[in-house]
């Protein structure tokens, strides 16, 4: 069955950018609920129980119709948050380096251009959703903005970085000021982790 991953840092580790109380509620309540509801859904079909959430999301058409929406929403929430925790860390931020930075420059023109586009994608989400940096089947990076818990895996992309634009990710500290939250969030992005996700995505394309 699916389990709630432990945060790789303390609740207060991302202060002053992201506050401890939000991180605690976000992880222990919101993410935990997605995991519990996903388990409830897959429990109804034995063929689903041992499948990783990524496999379920990549082929939603193969999920029985009576639990498909639950797997999409709660499985998406579980997978999205698991990636989100992994690409943040204390005393990070800044810019990527090495070959990944060169690939980003090649794709977006510059890191500044990428950051501006990704920020606009996050701020432009109406209601709740996520902004994503993804890799397609040809190894090319692009930016997506998806509503609710829709996951790029279901559209054939491999996500390597995301930003949570649901209000529960920032409302206790920033209220309705999503731009301030996103500006603060850039200070905790762990580019080493994003690079590792990118390298894993590229390795997965090699046959």
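The values are calculated or read from the model by the stated rules, or taken from the named source; none is laboratory data. Just so you know, these numbers come straight off a predicted model, no measurement behind them. For neighbour counting, all protein chains shown are included, and Cβ atoms are generated from backbone atoms with ideal geometry for every residue, glycine included.
Among the conditions (1) within 30 Å of residue 68 (Cβ to Cβ); (2) surrounded by fewer than 13 Cβ atoms within 10 Å (Cβ to Cβ); (3) touching a residue at least 40 places away in the same chain (Cβ under 8 Å), residue 197 misses just one, which is (2).
Taking every residue in the stretch 34-59 that is over 10 Å from residue 1 (Cβ atoms) and pairing it with any residue that is modelled with pLDDT of 95 or more and not in a helix (DSSP H, G or I), at least 6 positions away or on another chain, the pairs with Cβ-Cβ distances below 7 Å are 45/64; 48/63; 53/2; 56/63; 57/151. Taking the numbered list (1) surrounded by 13 or more Cβ atoms within 10 Å (Cβ to Cβ); (2) more than 21 Å from residue 130 (Cβ to Cβ) in turn, residue 3 passes all entries but (1). A count restricted to the stretch 96-137 and to residues that are in contact (Cβ under 8 Å) with a residue 40 or more places away in the chain and within 19 Å of the chain's Cα centre (by Cα) stands at 12.
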